[in-house]
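Colleague: What follows is a structure written as structure tokens; I'll ask about it next.
The values are calculated or read from the model by the stated rules, or taken from the named source; none is laboratory data. Just so you know, these numbers come straight off a predicted model, no measurement behind them. We place every Cβ from the backbone using ideal geometry, glycine too, and count neighbours over all the protein chains shown. Surface areas here come from the heavy atoms of the whole protein model, side chains and all, with no ligands, DNA or RNA. Shrake-Rupley method; radii C 1.70, N 1.55, O 1.52, S 1.80 Å.
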Amino acid sequence: MKFKQRLLAAITLTACAWPLAASAGFQWTESGPPGAGDSLSTAQVTYSATFETLDRITGGLTASAPDIKGGSPIYQVDLFKIRVADVSAFSAWTTGSTAFDTQLYLIDKDGKGVYTNDDNGLDLLSLLPAASALGPLSADIYYLAIAFGGYLAQDAGGASLFMSGGLTDVLGGDPSSGALAGWGRSYDNGNSEALYSYQIDLTGATNADLPEPGVFMLAAVALGAAGIARRRKSIATQA
């Protein structure tokens, strides 16, 4: 009976502590094919087996339409489903290892624009600064999109999801627009059809999907059983 009580206690304590133990963040790498899609329904869902902060997203943009007539190829847009957990600290930016002109977009779970940035004012990389500087966000699901600079997030009527402004401005969502339905280009980017790799660093975000409760329990059972086995082995050695 005492053994069963100790086992139950170990499982309960480990299950309660497990979410708190995962303090280090994780990196999400775009998986595929087909990789991250360019619509809400095909966005890649960031997921971790434990509840952790999402510190980085890496992937690559490829040409979705070939350069057939000597013009500029049309590149895909990558969308990732994330969760904003710390609403005052949330931010996202493309890093120096990203060697092309980027644009970042934050879109809410209903497909409405929140804010976007093309150039950060120092180079051609993008910065969505801490949300505390831009107005309140809700702790909720969002979509983070990356594209070449100048791509337009549009609703079903072709209207931009975001307000107009300069390249270095952080532009808020246009409340009169509808939900994301497609993408357009404001100018040709003139790039080849090569893969363009990117890295997005984040603060205040976590994985979009929370682990199933069974994951915690299975892990707790495994850890509890392992601890009991070590204790038995130690007792046997001392004997």
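Colleague: Mind checking the dipole of the range 106-187: about its Cα centre, +1 per Lys or Arg Cβ, -1 per Asp or Glu Cβ, Debye to the nearest 20?
Modeller: Numbers: 3 positive and 9 negative charges, 26 e Å.
Rounded to the nearest 20 debye, it is 120 debye.
Colleague: What order do Val77, Val114 take when sorted by accessible area (1.4 Å probe), most exposed first?
Modeller: My answer, sorted largest first, is Val114, Val77.
Colleague: Given +1 on the Cβ of Lys and Arg, -1 on the Cβ of Asp and Glu, and no further charges, what dipole in debye does the range 39-163 carry about its Cα centre, rounded to the nearest 20?
Modeller: 220
Colleague: Out of the range 31-95, which trypsin sites (Lys or Arg not before Pro) are coil in DSSP terms and have no more than 11 other C-beta atoms within 10 Å? Present the calculation step by step, with values, prior to reporting the outcome.
Modeller: Working: sites: Arg56, Lys69, Lys81, Arg83; in loops: Lys69.
Qualifying residues, ordered by number: Lys69.
Colleague: With all protein chains present, calculate the accessible area of Glu30 using a 1.4 Å probe and round the result to the nearest 10 Å².
Modeller: Surface open to solvent at Glu30 totals about 40 Å².
Colleague: Roughly speaking, what is the stretch gain from Ala156 to Glu52, that is 0.36 nm per residue apart minus the C-alpha to C-alpha distance, in nm to one decimal?
Modeller: Length gained, Ala156 through Glu52: 33.9 nm.
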